[in-house]
1. Do any residues in the range 65-85 that are over 20 Å from Lys52 (Cα atoms) have Cβ atoms under 9 Å from those of residues that are of a type in the set (A, V, I, L, M, F, W, C) and open to solvent by 60 Å² or more (accessible area, probe 1.4 Å), where the two are at least six apart or on different chains, and which pairs are they?
2. Looking only at residues in the range 45-63 that are surrounded by fewer than 22 Cβ atoms within 10 Å (Cβ to Cβ) and within 9 Å of the chain's Cα centre (by Cα), which one is nearest to Gly85 (Cα to Cα)?
3. From (1) at pLDDT 95 or above; (2) surrounded by fewer than 17 Cβ atoms within 10 Å (Cβ to Cβ), pick out the condition that doesn't hold for Phe76.
4. What helices (runs of 4 or more DSSP H) completely inside the chain contain at least 2 residues that are touching a helix residue (DSSP H, G or I) at 6+ places or on another chain (Cβ under 6 Å)?
5. May I ask you to verify whether Val42 is touching a Pro at 6+ places or on another chain (Cβ under 7 Å) and of a type in the set (A, V, I, L, M)?
6. Of everything in the range 64-85 that's polar (S, T, N, Q) and within 12 Å of Leu30 (Cβ to Cβ), which residue is nearest to the chain's Cα centre (by Cα)?
7. Between residues in the range 23-49 that are under 11 Å from Phe76 (Cα atoms) and residues that are surrounded by fewer than 14 Cβ atoms within 10 Å (Cβ to Cβ) and of a type in the set (A, V, I, L, M), which pairs lie under 9 Å by C-beta distance while being six or more apart or on different chains?
Amino acid sequence: VPSMTTISVCIGSACHKRGSYAVLNRFKALAAEKGVSEKVTVAPAFCLGECKNGVTVKVDEKLFLGMTEESAEDVFNRYVLPKLG
């Protein structure tokens, strides 16, 4: 069984206003570009409880706050790809 990683992107109203859909789509694009779409689930999530801290993303159990399209790539390369081996 290949290891699976779940990336949850908050789409609650505060995150939505700050561009969470762009972040969600960037993670989906990165998974496709790197050829790991079958090992990575990118899903919208309802409020992750960090509204005041910008767009919140959860990679498995680790939270990343204040995410942007630009920081999505860094998180993907540093935290997602290594998990996939």
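1. Final answer for the pair search is Leu84/Met4.
2. Of the range 45-63, the ones surrounded by fewer than 22 Cβ atoms within 10 Å (Cβ to Cβ) are 45-54, 58-63.
Checking the rest, the ones that are also within 9 Å of the chain's Cα centre (by Cα) come to 58-59.
Numbers: Lys58: 19, Val59: 15 Å.
This residue is Val59.
3. Result: Phe76 fails condition (2) only.
4. Counting at least 2 such residues, we get 20-33, 69-75.
5. Working: touching a Pro at 6+ places or on another chain (Cβ under 7 Å): no; of a type in the set (A, V, I, L, M): yes.
No, not satisfied.
6. Filtering the range 64-85 for residues that are polar (S, T, N, Q) and within 12 Å of Leu30 (Cβ to Cβ), the one nearest to the chain's Cα centre (by Cα) comes out as Ser71.
7. Sorted first by the residue in the range 23-49, then by its partner, the pairs are Val40/Met4.
The values are calculated or read from the model by the stated rules, or taken from the named source; none is laboratory data. Given the structure is predicted, the values throughout are model-derived calculations rather than measurements. All Cβ positions, even for glycine, are placed from backbone atoms using ideal geometry, and neighbour counts span all protein chains on display. SASA here: full protein model, heavy atoms, side chains in, ligands and nucleic acids out. Shrake-Rupley method; radii C 1.70, N 1.55, O 1.52, S 1.80 Å.
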